[in-house]
1. From the P(r) of the range 80-141, could you give the percentage of C-alpha pairs in the tail past 20 Å?
2. Can you pull the Kirkwood radius for the range 19-162, inverse mean 1/r over Cα pairs, to one decimal in Å?
3. Specify the inter-centroid distance of the range 142-162 and the range 123-141, based on alpha-carbon positions, in whole Å.
4. Using θ = phi - 60° and the Karplus relation 6.51 cos²θ - 1.76 cosθ + 1.60, list the HN-Hα couplings for the range 117-133 in order, rounded to whole Hz, with x at every Gly or Pro.
5. Calculate the dipole size of the chain relative to its Cα centre from +1 charges on Lys and Arg beta carbons and -1 charges on Asp and Glu beta carbons; express the result in debye to the nearest 20.
6. Quickly work out the LEU59-to-ALA44 label distance, labels modelled 7 Å from Cα along the C-beta direction, and quote it in nm with one decimal.
7. Any chance you could run the full-extension gain for ASP81 through ARG35? It's 0.36 nm times the residue separation minus the Cα-Cα distance, nm to one decimal.
8. With charges set only on the Cβ (+1 for Lys and Arg, -1 for Asp and Glu), what does the dipole of the range 8-66 come to about its Cα centre, in debye to the nearest 20?
Amino acid sequence: MDSDKARMAIEQKNILIVYHTQTGNTGQLARAAERGVQAEPGCAVQCLMAADASLDHLLWCHGVLLGTPENFGYMSGMLKDFFDRTYYPAEPYQLNKPYALFISAGNDGSGAAREVARIAKGYPLVPVAEPLICRGEITPQHLAEAEALGQAMAAGLALGIF
């Protein structure tokens with residue numbers, strides 16, 4: 001039994017969800033993604049507001065899901081702050097971890113997606129899915145897509161795909 005527990009601890013994959021929300025829309029997507037991760041056996045998840053996430057959280061995880069509202073055609077200031085606080089401290093670790101992005105967009109979301117991708121490349125974080133861009137009010141379809149994104153990230157890590 002103890003060897004089973006030890007094997008499980010070694011095989012467990014940790015996923016970090018870092019997001020910012022003001023209206024609650026991106027928060028709904030984050031919680032849906034978290035449910036998706038939790039549906040995959042052998043995966044642990046921490047879902048944190050960007051202001052509360054740190055380098056230690058990045059070092060803990062095997063993959064990261066990033067969530068942001070589209071603000072003025074860009075990512076939220078708090079997600080940018082997370083990047084600003086962790087970028088240089090992360091440099092020596094060459095993280096090379098998989099990531100995926102979800103965006104609550106009032107417009108087309110492409111500016112936020114482009115800028116997150118540009119910054120993530122420097123860590124390096126490796127994109128494993130097209131950005132999930134949810135335009136307008138959050139719908140049940142958006143929530144289902146965010147949940148599927150979380151589960152896909154978890155399954156990909158659990159299976160060793162990324």
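The values are calculated or read from the model by the stated rules, or taken from the named source; none is laboratory data. These numbers were taken from a predicted model, which means no experiment stands behind them. For neighbour counting, all protein chains shown are included, and Cβ atoms are generated from backbone atoms with ideal geometry for every residue, glycine included. Please note that ligands, DNA and RNA were not included when accessible areas were found on the heavy atoms of the full protein model with its side chains. Shrake-Rupley method; radii C 1.70, N 1.55, O 1.52, S 1.80 Å.
1. Values: 619 of 1891 pairs.
So the pairs more than 20 Å apart make up 33 percent of the total in the range 80-141.
2. 14.9
3. For the range 142-162 versus the range 123-141, the Cα centre distance is 12 Å.
4. Values, residue by residue: 4, 4, 6, 4, 4, x, 5, x, 10, 10, x, 10, 7, 5, x, 8, 10 Hz.
5. Details: 12 positive and 17 negative charges, 37 e Å.
With only Lys, Arg, Asp and Glu charged at Cβ, the dipole is about 180 debye.
6. Result: 1.5 nm between the two label points.
7. 14.0 nm
8. 140
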